[in-house]
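Below is one structure; the comments refer to it alone.
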Amino acid sequence: MKKREFSRRDFLKTLGIAGATMAIQPTINKVKAANEVLTGKKASAARKNGMEHRTLGTGKAAMDVSALGFGVMGMTYNRSQHPDKKECIRLLHEAVDRGVTLFDTAIIYGPLTNENLAGEALSEFKGRVNVTTKFGHEVINGKGTGRQDSSRATVRRYCEDSLRRLRLEALPMFYQHRADPNTAPEEVAETIGELMKEGKVLHWGMCEVSAETIRRAHSVCPLTAIQSEYHLMHRDVETNGVLDTCRELGIGFVPYSPINRGFLGGCINEYTVFDPNNDNRQTLPRFQPEAIRANTRIVNALQQFGRTRGMTSAQVALAWLLHKAPWIVPIPGTTKQSHLEENQHALDFNLPANEWEELETAVSVIPVVGNRYNAEQQRQVGR
């Protein structure tokens, strides 16, 4: 009998069938039933007792977090349609109930509105979850200027503003969102160190920086995590020294856009229309129709790999990242409970290394069409 290929839509249909037959049971049991229909496997003991945890950083910089985080950005910023605030808060609470302890936002998301949402939704879980945010992009009167500013006075002001919006006494982790060409990483690290001594920042990280910048900053104030784009269509951190440096120095790594802005989930095609007022994908070369058409071959490879393993392409993408190192914690975002459930089931799959090598080989022969960023955005990374 020919085995059928599971997509995100197949997973959601199966979830609905399982839910219909178990309507009187809690939602978590519906998810378990759907996964058993897909995989023929029982949920692991770890799933029953809560989500697996991982450690970002080492020594005094160590931070205990759930193995999968949650990227809040798309709930208000750069992702076309999104639910109303009430539904977003409900979904964030659902994520907490399912064991997520790491939530990611930033000052520039909105700007400001994403932090406000995260603060309203998650401040009641102080001590139970970590809401991380980012400074670095200049925001004046609620609008981004397109410039970077990590000067001491600005970082301190942004810290106070983020504490107020997130309704916290201390920021669990404060990332530099993009390097400031006018402020040395050592100076940024010194500023963060001062905020730590004052009890306003507990951990810190950097985003999209070079291996050299990581070393310079870490020598002044130990880093907990580096956050950069990393997925099966963008693996530069494997060859530019960033992952090697994190491994050497004991720094955690947090891949953002681990499903490539939704593309690897298989629900985007060349006819997808992005909201011109609230979706940056329309500006990215990799999300132009001709590039999407060509890159769909990569999604097909993930679907083919997952077909005999009961995995959707999104689960393949996340499980592959989780396999790469125990100090890697992806932060997929979503506005749908069904996708939250699907993403979390990526933790159920523990495949041997040779099978992941098989996937990497299949994907490596397919050229990726289109750059991930436009020229201006590309200039801001890798400094």
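Among the candidates Val131, Val155, single out the residue that is touching a helix residue (DSSP H, G or I) at 6+ places or on another chain (Cβ under 6 Å), surrounded by 20 or more Cβ atoms within 10 Å (Cβ to Cβ), at pLDDT 95 or above and assigned to a strand (DSSP E or B).
Every option except Val131 fails the conditions.
Do any residues in region 94-114 that are assigned to a loop (DSSP other than H, G, I, E, B) have Cβ atoms under 6 Å from those of residues that are among the charged types (D, E, K, R) and modelled with pLDDT of 95 or more, where the two are at least six apart or on different chains, and which pairs are they?
The qualifying pairs are Thr105/Glu115; Ala106/Lys134.
Out of region 329-361, which residues are aliphatic (A, V, I, L, M) and crowded, with 16+ Cβ neighbours inside 10 Å?
Val329, Ile331, Leu340, Ala346, Leu347, Leu351, Leu359 - these are the residues of region 329-361 that are aliphatic (A, V, I, L, M) and crowded, with 16+ Cβ neighbours inside 10 Å.
So in region 134-152, with the set limited to residues that are basic (Lys, Arg) and either assigned to a helix (DSSP H, G or I) or in contact with a strand residue (DSSP E or B) (Cβ under 9 Å, 6 or more places away or on another chain) (or both), which one is nearest to Ile89 (Cα to Cα)?
Lys134
Given the conditions (1) assigned to a loop (DSSP other than H, G, I, E, B); (2) surrounded by fewer than 19 Cβ atoms within 10 Å (Cβ to Cβ), and given that Arg247 satisfies all but one, which numbered condition is not satisfied?
Of the numbered conditions (1) assigned to a loop (DSSP other than H, G, I, E, B); (2) surrounded by fewer than 19 Cβ atoms within 10 Å (Cβ to Cβ), the odd one out for Arg247 is (1).
Among the residues of region 302-314, which ones are in a helix (DSSP H, G or I) and farther than 12 Å from Leu351 by Cα?
Here is the first cut: in region 302-314, the residues in a helix (DSSP H, G or I) are 302-307, 313-314.
Listed by number, the residues that qualify are Leu302, Gln303, Gln304, Arg307, Ser313, Ala314.
Let me confirm something: among Ala225, Ala217, which residue is under 16 Å from the mean Cα position of the chain (by Cα), under 24 Å from Phe103 (Cβ atoms) and small (Gly, Ala, Ser)?
Numbers: Ala217 fails: under 16 Å from the mean Cα position of the chain (by Cα).
When all the criteria are applied, what remains is Ala225.
Checking Ile140 against (1) surrounded by fewer than 16 Cβ atoms within 10 Å (Cβ to Cβ); (2) of a type in the set (A, V, I, L, M); (3) within 19 Å of Arg261 (Cβ to Cβ), only one condition comes out false. Which one?
Answer for Ile140: the failing condition is (3).
The values are calculated or read from the model by the stated rules, or taken from the named source; none is laboratory data. Keep in mind the model is a prediction, meaning the values are calculated, not measured. Quick reminder, even Gly has a Cβ in these numbers, built from the backbone with ideal geometry, and neighbours come from all protein chains shown.
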